[in-house]
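Notes follow the structure.
The values are calculated or read from the model by the stated rules, or taken from the named source; none is laboratory data. Note that the structure is predicted; figures quoted are calculated from it, not measured. Note that we place each Cβ from the backbone using ideal geometry, even for glycine, and neighbour counts take in every protein chain shown. Ligands, DNA and RNA are excluded from the accessible area calculation, which covers all protein heavy atoms including side chains. Shrake-Rupley method; radii C 1.70, N 1.55, O 1.52, S 1.80 Å.
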Amino acid sequence: MTAPAATSSCCSTPAIQSVGAIDASCRWPVLTLLKGAAFWLVVSSVFGLIASLKFHQPTFLAGCEWFTYGRAYAVWADALVYGFCVPSALAAAVWLIARLGKVELHGPVILTAAAKFWHIGVFVGLCGILAGDSTGYEWFELPRYSVIILWAAYLVFAVCALFTHAARTERALYPSHWFLLAALFWFPWILSTAVLLLQLHPVRGVAQAAIAWWYSGNLLVVWLALAGLAASLYLLPKLAEQPLQSRYTALFAFWTLILFGTWAGIPAGAALPAWMPTVSGNASLLLLVPALAIATTVRQTTRGSTVISKGDLLCYTKSGACLLALSLVLLALTGIPKFARVTEFTWFNHSHTALRLYAFAMTMFAAAYHIVPRVTGVTICPRRIRIQFWFAIPGALLLSLPYAVGGLVQGVKLFNLNLSFLDASKASLMAVRVATLGEVLFLGAGVIFLINMAAVIFALGKYTITAEVMDTPKLHTAEVRS
Amino acid sequence: MSADPNKLNPNREAEPTATKTVLPVWLVCVLLMLLFTAGWTFDQDGGWFDARVYKPFKAPPDPYQPPAVDAGLYGMGEKVYNKPTCVACHQPHGKGMPGQFPSLVGSSWITEPEPGRVIRIVLDGLQGPMDVDGLPFNGAMVPWKDVLTDEEIAAVLTYVRGQKEWGNKAPEVTPERVKAVREKEKARKQSWTADEIKKVNPAD
């Protein structure tokens with residue numbers, strides 16, 4: 001798997017490793033992360049489906065406390081964020097750092113073990129939630145004993161990634177690097193703060209709520225966008241076969257995103273000193289700027305590209321980045337005080353958060369399908385990838401956007417004092433029904449993703465991979481049909 | 001097939017590059033405009049980082065506006081209905097809640113020309129299984145005879161029976177009529193059931 005063109009840019013540096021060797025060094029960490037991620041995505045979608053069914057079929061699974069709404073919703077959220085998003089982002093991150101730095105990944109064996117630990121941590125945490133041990137903070141329901149496992153496993157990744165980065169032979173940084181490195185540090189920083197101030201030495205009273213909002217804001221706005229964009233900015237130009245437009249727009253998006261994103265998250269009506277919700281609202285409004293910068297980058301980078309793409313990786317990447325921008329626009333709307341007053345206690349906020357999460361999933365699908373064939377040498381059936389796209393994209397749109405509309409109608413009705421609370425809540429019922437359909441579609445996409453990952457591992461098992469096999473430029477045509 | 005993502009095309013394997021085209025100016029303009037708006041909002045609502053400043057509480061206007069002029073029994077009835085008495089269960093829109101509180105809108109019980117039965121329901125309450133225009137209920141309505149005066153009961157029934165927006169058009173109920181029924185049922189100690197009340201002659 002030596003790529004002839006890859007060595008051209010820095011022939012002067014000695015000891016450049018072959019692309020094949022670099023890819024091979026990432027194989028097991030990446031595969032371990034991604035197969036678990038695929039599994040948790042399916043788990044999350046199943047629980048998301050259960051949770052959304054509860055709104056129009058309240059009696060569904062009502063007799064079993066493990067599947068009550070509060071637990072099902074928490075498992076949906078945490079399986080998605082900690083089970084799918086973080087591991088898939090880590091998989092993309094280690095590969096990108098190795099690839100862009102033209103250096104073999106450091107500590108692949110430890111990393112594979114750490115990946116396994118991470119997934120064990122998620123398993124323990126989700127069981128804890130189902131058994132009633134949830135912490136009660138939204139997006140941070142995982143009980144303390146599981147968070148510690150996650151935290152340790154993550155640290156191993158961060159350290160190995162940094163060592164790899166420091167040993168890189170290609171010194172020049174590509175824009176993805178800024179996003180990668182920032183994301184790598186952002187997560188342990190916010191996680192440690194949340195663990196310390198909410199679980200080990202809980203702060204008192206309303207300050208807990210402020211910390212929890214700060215954490216979830218940073219996780220779901222800053223970290224998610226950083227990790228997603230790191231992959232998008234690499235994949236967009238590579239798949240469109242055109243250079244990224246441009247370095248400066250990306251830099252602008254980067255700084256505006258972390259500068260404003262880190263303040264966002266505290267709702268307008270929070271019972272905190274007035275400056276906190278006000279500053280937070282302003283920060284959300286300003287997130288319009290990175291949203292526009294991202295949209296511009298996508299447009300300019302892919303414009304005029306001759307690559308035909310109907311549901312394959314470029315489509316995944318483009319829609320991932322565009323939906324991220326759209327979700328930031330919706331978030332920015334809540335920075336307008338008059339608007340926030342109407343939407344605050346409605347489905348609206350769920351809408352843009354879900355959109356951001358599933359936009360991230362689109363990007364990660366692209367990254368996984370780009371990376372896995374390279375690190376394993378096994379091709380994945382392109383038809384299945386395309387079919388998955390046509391499940392994933394309507395799924396992602398249907399399970400998020402109807403909530404925005406439903407939330408608005410609900411908010412307006414809440415302000416109509418002649419309507420009872422129940423009538424106002426019922427206004428969102430149609431949205432929930434459509435979203436259930438979206439959940440079903442996305443579950444389909446998740447299942448195809450899981451099948452594809454399983455097929456790769458199955459194919460790998462059939463070949464004893466030797467060093468010679470890895471270095472032959474030809475791929476196995478281990479086309480596994482399910 | 002060009003759509004195959006896995007073909008290792010040597011060109012694709014070259015790592016991507018980024019151009020150094022300058023940032024679009026309009027992006028900077030949007031940023032400046034939004035920064036200005038944000039600064040202005042902060043100055044208005046932010047309390048300049050003072051931990052003692054909270055957003056003032058703005059109560060929504062009271063949904064119940066008492067009628068300006070005394071419109072006889074009907075107007076008084078509207079007040080009684082929203083005091084709150086019946087509104088707590090039968091709701092502002094009068095349609096009740098499915099399965100819990102029956103509707104008063106167009107209900108055959110309410111719109112009976114002779115009010116003998118509804119007066120009894122309101123005085124002593126109603127409980128047990130019943131059927132209101134085809135929908136089954138099995139709840140309990142509290143008695144009002146110790147809470148409301150004859151005049152108030154007459155007023156609220158006049159209001160409910162004549163509520164124009166609900167399309168009810170039954171004739172008014174006089175305080176004298178309520179007084180007479182109260183005398184007749186003086187000995188009653190418990191709520192009515194639907195079966196009992198059906199045996200009562202509405203004109204009685």
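Quickly run through the range B:159-175 and pick out the residues that are in a loop (DSSP other than H, G, I, E, B) and open to solvent by 10 Å² or more (accessible area, probe 1.4 Å).
Within the range B:159-175, B:Gln163, B:Lys164, B:Glu165, B:Trp166, B:Gly167, B:Lys169, B:Ala170, B:Pro171, B:Glu172, B:Thr174 qualify.
Which residue, of A:Gly265, A:Gly281, A:Gly269, is touching a helix residue (DSSP H, G or I) at 6+ places or on another chain (Cβ under 9 Å), of a type outside the set (A, V, I, L, M), outside any helix (DSSP H, G or I) and over 22 Å from A:Ala230 (Cβ atoms)?
A:Gly269
Would you confirm, using the coordinates I've provided, whether A:Thr302 is over 21 Å from A:Phe339 (Cβ atoms) and buried (at least 23 other Cβ atoms within 10 Å of the Cβ)?
Judged against the criteria, A:Thr302 is not a match.
Looking only at helices (runs of 4 or more DSSP H) that fall completely inside the range A:378-442, which ones have 3 or more residues that are more than 14 Å from every other protein chain (Cβ to nearest Cβ)?
Filter on the range A:378-442 gives A:382-398, A:401-414.
Which condition number in (1) under 29 Å from A:Pro29 (Cβ atoms); (2) open to solvent by 20 Å² or more (accessible area, probe 1.4 Å); (3) touching a residue at least 40 places away in the same chain (Cβ under 8 Å) is the one that A:Arg383 fails?
All conditions are met except number (3).
Kindly evaluate A:Leu236 against the criterion of being closer than 20 Å to B:Leu34 by Cα and in contact (Cβ under 8 Å) with a residue 12 or more places away in the chain.
no
Please work out if B:Asp195 is more than 20 Å from B:Glu78 (Cα to Cα), in contact with a strand residue (DSSP E or B) (Cβ under 9 Å, 6 or more places away or on another chain) and part of a helix (DSSP H, G or I).
yes
Please list, ordered by first then second residue, the pairs with beta carbon atoms under 6 Å, 6 or more apart or interchain, first in the range A:167-195 and in contact (Cβ under 8 Å) with a residue 40 or more places away in the chain, second outside any helix (DSSP H, G or I) and open to solvent by 40 Å² or more (accessible area, probe 1.4 Å).
So the pair list comes out as A:Thr169/A:Thr13; A:Thr169/A:Ile16.
So if I check each of A:Ser319, A:Ser327, A:Ser305, which one is hydroxyl-bearing (Ser, Thr, Tyr) and closer than 12 Å to A:Thr363 by Cβ?
After applying the criteria, what remains is A:Ser319.
Conditions (1) within 14 Å of chain B (Cβ to nearest Cβ); (2) at pLDDT 95 or above; (3) within 17 Å of the chain's Cα centre (by Cα); (4) part of a strand (DSSP E or B), marked per residue:
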| position | (1), (2), (3), (4) |
| --- | --- |
| A:Leu196 | no, no, no, no |
| A:Ala209 | no, no, no, no |
| A:Val222 | no, yes, yes, no |
| A:Leu226 | no, yes, yes, no |
| A:Pro237 | yes, no, no, no |
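Pick from A:Val86, A:Val43, A:Val109, A:Val124: which is modelled with pLDDT of 95 or more and over 19 Å from the mean Cα position of the chain (by Cα)?
Going through A:Val86, A:Val43, A:Val109, A:Val124 in turn, the sole match is A:Val124.
Under the condition of being modelled with pLDDT of 70 or more and surrounded by fewer than 12 Cβ atoms within 10 Å (Cβ to Cβ), which residue from the range B:45-71 is nearest to the other protein chains (Cβ to nearest Cβ)?
B:Ala51
Listed residues A:Leu259, A:Leu328, A:Leu323; which is out of contact with any strand residue (DSSP E or B) (no Cβ under 7 Å at 6 or more places or on another chain), more than 9 Å from chain B (Cβ to nearest Cβ), open to solvent by less than 10 Å² (accessible area, probe 1.4 Å) and assigned to a helix (DSSP H, G or I)?
A:Leu328
Only one of these is touching a residue at least 60 places away in the same chain (Cβ under 8 Å), open to solvent by less than 80 Å² (accessible area, probe 1.4 Å) and aliphatic (A, V, I, L, M): B:Val178, B:Val156. Name it.
Of B:Val178, B:Val156, the one residue that is touching a residue at least 60 places away in the same chain (Cβ under 8 Å), open to solvent by less than 80 Å² (accessible area, probe 1.4 Å) and aliphatic (A, V, I, L, M) is B:Val156.
What are the residues in the range B:124-147 that are open to solvent by 50 Å² or more (accessible area, probe 1.4 Å) and either of a type in the set (Lys, Arg) or in contact with a Lys or Arg (Cβ under 7 Å, 6 or more places away or on another chain) (or both), if any?
Passing the criteria: only B:Lys145.
Which of (1) open to solvent by 50 Å² or more (accessible area, probe 1.4 Å); (2) under 22 Å from B:Lys198 (Cα atoms); (3) at pLDDT below 90; (4) touching a helix residue (DSSP H, G or I) at 6+ places or on another chain (Cβ under 6 Å) is the odd one out, the single condition B:Tyr74 does not satisfy?
Among (1) open to solvent by 50 Å² or more (accessible area, probe 1.4 Å); (2) under 22 Å from B:Lys198 (Cα atoms); (3) at pLDDT below 90; (4) touching a helix residue (DSSP H, G or I) at 6+ places or on another chain (Cβ under 6 Å), the lone unmet condition for B:Tyr74 is (2).
Of all residues in the range A:262-294 being facing chain B (nearest Cβ under 10 Å) and open to solvent by 30 Å² or more (accessible area, probe 1.4 Å), which is nearest to B:Arg52 (Cα to Cα)?
A:Trp275
Mind telling me which of the residues A:Val42, A:Val75, A:Val86 ends up being surrounded by fewer than 24 Cβ atoms within 10 Å (Cβ to Cβ) and among the hydrophobic types (A, V, I, L, M, F, W, C)?
Step by step, each of A:Val42, A:Val75, A:Val86 is checked, and only A:Val42 is surrounded by fewer than 24 Cβ atoms within 10 Å (Cβ to Cβ) and among the hydrophobic types (A, V, I, L, M, F, W, C).
Looking for whichever is more than 12 Å from chain B (Cβ to nearest Cβ), touching a residue at least 40 places away in the same chain (Cβ under 8 Å), crowded, with 24+ Cβ neighbours inside 10 Å and touching a Phe, Trp or Tyr at 6+ places or on another chain (Cβ under 8 Å) here; the options are A:Thr346, A:Thr363. Which one fits?
The conditions single out A:Thr363.
Before we move on, is A:Lys116 surrounded by fewer than 17 Cβ atoms within 10 Å (Cβ to Cβ) and either modelled with pLDDT of 85 or more or over 24 Å from B:Glu15 (Cα atoms) (or both)?
Considered against the rule, which asks whether it is surrounded by fewer than 17 Cβ atoms within 10 Å (Cβ to Cβ) and either modelled with pLDDT of 85 or more or over 24 Å from B:Glu15 (Cα atoms) (or both), A:Lys116 comes out as yes.
Go through the range A:76-106 and give me each residue that's within 14 Å of chain B (Cβ to nearest Cβ), of a type in the set (A, V, I, L, M, F, W, C) and not in a helix (DSSP H, G or I).
The answer is A:Val103, and nothing else.
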